[in-house]
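Notes follow once the structure below has been shown.
The values are calculated or read from the model by the stated rules, or taken from the named source; none is laboratory data. Just so you know, these numbers come straight off a predicted model, no measurement behind them. Here the Cβ positions follow ideal geometry from the backbone for every residue, glycine too, while neighbour counts run over all protein chains shown.
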Amino acid sequence: MTFRQLAYRNVLRNLRSYAAFFLASVVSVMVFFVYSMFIFHPLFEEEGLGTMAVRGMLIAEVVLYIFTLFFLFYSMSAFLQARSKEFGVLVHLGMTKRQLSKMIFFEMMILGTISTVAGIAFGFAFSKFFFMIGREIMELESLPLYLSWEPFLLTIGAFASLFIIISFISVGFIRTKRVLNLLQGYWKIDEVGKSSFVLSAAGIVFLVIAYTLAALVDDDTVYTMAFIIPPLATIGTYLFFTHSIHMLLNLYKKNKSVFWHKTRLVSIADASVKLKDSAQMFFIVTIVSTIAFLTVGTLASFTSYTGDFRESNPLSLIYISFEDNPQEEEHIQMLAGQLEQKGLAYDIAQLTIKRQTSAASGNEVDILQASQFNRLASTLGYENVNPAEGEGIFVPYSQESLAALNETVTETVLLESGVPLFISTAYPHILFPNHTLNANSIIVNDQDFEKIDEPLLGYTEDQSSFTYYAFHVPDWTATLGVGNSLSDQMAEAFETGEFEQISYYFENPGEDYRWFKSSFALMLFIGVMVALVFLLAAGSFIYFKLYTGLERDRKQYALLVRLGMTEKELLRVVNRQLVPQFFLPWTIALLHSSFAFISLQVVWDEFAELSILGEMAIVLAGFTIVQLLYFYLIRWRYIAHLQAP
């Protein structure tokens, strides 16, 4: 039998043990290949959303590659530790360390080749399905399947190099061990080491401080805390699993009336050993799970913004004409013509906005005429206003400003024209985006509006007013492409800084909404795929750890049976050993994520004034359900291994 045959038979003999490792590797390769198919798709050579899709998936591929490298390194070291007795026997029978390293290298390359081929095969088989999802997400007319050598070459090259790196690193672990160490096996110590009281307390204190800071974060400190809280939480998590948890268990064991109760003594005592040995693994699982939660949760929170977008942007098209704009009539006719060409029903409300200075605040204010405002309100299906002479009505620009303005009573004078106003109410709906009007905008009676005949201090009469065209299109998301020439001119002016040729402002919220919706949905799609690999790997870490101690657990199981323990009691012992290993790091990850989402809510409040509680609850609940299913699956296989003859 040659070395290659020996390595091949070793892989077949341990195929059941390699199942979780193989599955995670295949999924990683499949996701990587699917992203590559998107990246090299001919349609994505165009600018716009395709460019963003390519960049997002390219970043996801880099993250996936680095994480898979780390995951394979950890999992292979776990398998090699579990097979240490086998390696010890081979070395004792005369196999040199060089030959042992060569055998392990061949095994890894066999597994890597099979995983890469299977991952690419599944990836290509499901590419059409993912293209259908991508087409719907990005709202493309078509996203056909194609055949190109580039995705295959990139995936094969990336994972071939990855498995070669892991093979060399894994071989190094075996080279450093003596034959006696190998023959002793992995579980050679069944004792719980001592934990430092200082480090145990520090772990809990760091976590409490991190959670407290996250809960108390505000607009002024949120970005500073983003650099303080993660290191505190990371250090606290590591110390918690390596020291704090054992201090808490020791305190629990001192209560003999609770600890010395039926099977509780056996299960807790054994769990203490496993918790001590698995501390670093728990730390890794917690961090990986937290990253997965935060990735999907953060991207899912963007969907809240798309839901809030229409409320903040009730107008379908906005065109604002400033002084010296000779193309005003031409542009309006062009926009109307494009809407008619698409067969879209629409209404136009034209408003003249005058600028004055408020004596009460000293700030500039935009003044709207009640009759013109009512024309727009009626178009949108909102109620009209009827302010008395000398009375004003605030125009809100957000729900938060509406609440604040309803509690504000102001008596002021428009300084330039000497018009007195008393303002005690706000219009109950948001009609204008906050960036298209002054934050201080007031609706006044038509007679008061006519009295405003003086220009804003320091400006000419033309500079003190502008014309606001508000388009209402019932099918507002169908305005894709309307006014593109105006948008391009504006984008060019912003890029070059030359605004002399631009005497207008144009916005197409319907097109912006479709772009936001598609972009956020695409990022969520990318994040979910990466998080799937993360979560699968996190569960595999636990499975690998269980596998490395399977031989010892079998002996313990047989001993307990001979001592007379019933099957029901044995299952209770197994549950008490498995539950902490699965749900302790999961619980800490949920806590980390929950407090991180509190800080994220502060960031969203600053930008969009929306709640992400619903999205966060769905994400965390979904991941919890997945973890429960994974727990029962692993528990079923673990018990089957224990009871195997």
Item to complete: Mind listing whichever residues of the stretch 434-463 are outside any loop (DSSP other than H, G, I, E, B) and among the small types (G, A, S)?
Response: S441
Response to the item:
Within the stretch 388-416, of all residues that are touching a residue at least 40 places away in the same chain (Cβ under 8 Å) and touching a helix residue (DSSP H, G or I) at 6+ places or on another chain (Cβ under 6 Å), the one surrounded by the fewest Cβ atoms within 10 Å (Cβ to Cβ) is E389
Discussion item. Under 7 Å between Cβ atoms, which residue pairs at least 6 apart in sequence (or on different chains) link something in the stretch 315-329 that is more than 14 Å from D462 (Cα to Cα) and without any contact (Cβ under 8 Å) to a residue 40 or more places away in the chain with a partner that is outside any loop (DSSP other than H, G, I, E, B) and of a type in the set (G, A, S)?
Written reply: none
Fill in: Pairs where the first residue, in the stretch 466-477, is touching a residue at least 12 places away in the same chain (Cβ under 8 Å) and the second is of a type in the set (V, I, T) and not in a strand (DSSP E or B), C-beta under 7 Å, 6+ apart
Y469/I332; H472/T379; V473/T479
Worksheet item: Restricting to the stretch 379-405, what's the tally of residues that are touching a strand residue (DSSP E or B) at 6+ places or on another chain (Cβ under 7 Å) and farther than 27 Å from L456 by Cα?
Response: 2
Discussion item. Residues that are assigned to a helix (DSSP H, G or I), touching a Phe, Trp or Tyr at 6+ places or on another chain (Cβ under 8 Å) and at pLDDT 75 or above: does the stretch 12-26 have at least one?
Written reply: yes
Practice prompt. Could you look through the stretch 532-578, keep only residues that are among the β-branched types (V, I, T) and part of a helix (DSSP H, G or I), and pick out the one that is modelled with the lowest pLDDT?
Written response: T548
Discussion item. Looking only at residues that are assigned to a loop (DSSP other than H, G, I, E, B) and aromatic (F, W, Y) in the stretch 118-155, which one is farthest from S25 (Cα to Cα)?
Written reply: Y146
Worksheet item: Is one or more of the residues making up the stretch 151-158 surrounded by fewer than 15 Cβ atoms within 10 Å (Cβ to Cβ) and modelled with pLDDT under 85?
Response: no
Discussion item. Against the conditions (1) among the aromatic types (F, W, Y); (2) surrounded by fewer than 16 Cβ atoms within 10 Å (Cβ to Cβ); (3) modelled with pLDDT of 80 or more, where does F607 fall short? Just the number, please.
Written reply: (3)
Discussion item. Please go through (1) buried (at least 20 other Cβ atoms within 10 Å of the Cβ); (2) closer than 18 Å to G510 by Cβ; (3) in contact with a helix residue (DSSP H, G or I) (Cβ under 7 Å, 6 or more places away or on another chain) for V444 and return the number of the only condition it doesn't satisfy.
Written reply: (2)
Discussion item. Is it the case, given these coordinates, that L162 is at pLDDT below 90, in contact with a Leu (Cβ under 7 Å, 6 or more places away or on another chain), in a loop (DSSP other than H, G, I, E, B) and in the same structural domain as S75 (by TED's automatic domain parsing)?
Written reply: no
Worksheet item: For the stretch 356-387, how many residues are in contact with a Phe, Trp or Tyr (Cβ under 9 Å, 6 or more places away or on another chain) and farther than 17 Å from I430 by Cα?
Response: 1
Fill in: Filter pass, D462 being loosely packed, with under 14 Cβ neighbours inside 10 Å, touching an Asp or Glu at 6+ places or on another chain (Cβ under 6 Å), of a type outside the set (K, R) and within 19 Å of E328 (Cα to Cα)
yes
Discussion item. Taking the condition of being under 20 Å from V27 (Cα atoms) and either crowded, with 20+ Cβ neighbours inside 10 Å or at pLDDT below 80 (or both), how many residues in the stretch 91-117 meet it?
Written reply: 6
Fill in: Residue, nearest to W476 (Cα to Cα), within the stretch 376-413, restricted to residues that are of a type in the set (D, E, K, R) and assigned to a loop (DSSP other than H, G, I, E, B)
E383
Worksheet item: Hey, among E329, E323, which residue is under 30 Å from Q350 (Cβ atoms), outside any helix (DSSP H, G or I) and modelled with pLDDT of 80 or more?
Response: E323
Worksheet, complete the sentence: Restricted to the stretch 500-514 and to residues being free of Cβ contacts under 8 Å to residues at least 40 places away in the same chain and surrounded by 11 or more Cβ atoms within 10 Å (Cβ to Cβ), the residue farthest from the chain's Cα centre (by Cα) is I502
Item to complete: State the number of residues belonging to the stretch 236-258 that are of a type in the set (A, V, I, L, M, F, W, C) and modelled with pLDDT of 80 or more.
Response: 4
Worksheet entry | Matching entry among Y557, Y543, Y505 (being out of contact with any Cys (no Cβ under 7 Å at 6 or more places or on another chain), under 30 Å from Q333 (Cα atoms) and not charged (D, E, K, R)) | Y505
Practice prompt. Scan L532, L522, L486 and give me the residue that is surrounded by fewer than 20 Cβ atoms within 10 Å (Cβ to Cβ) and either aliphatic (A, V, I, L, M) or free of Cβ contacts under 8 Å to residues at least 24 places away in the same chain (or both).
Written response: L532
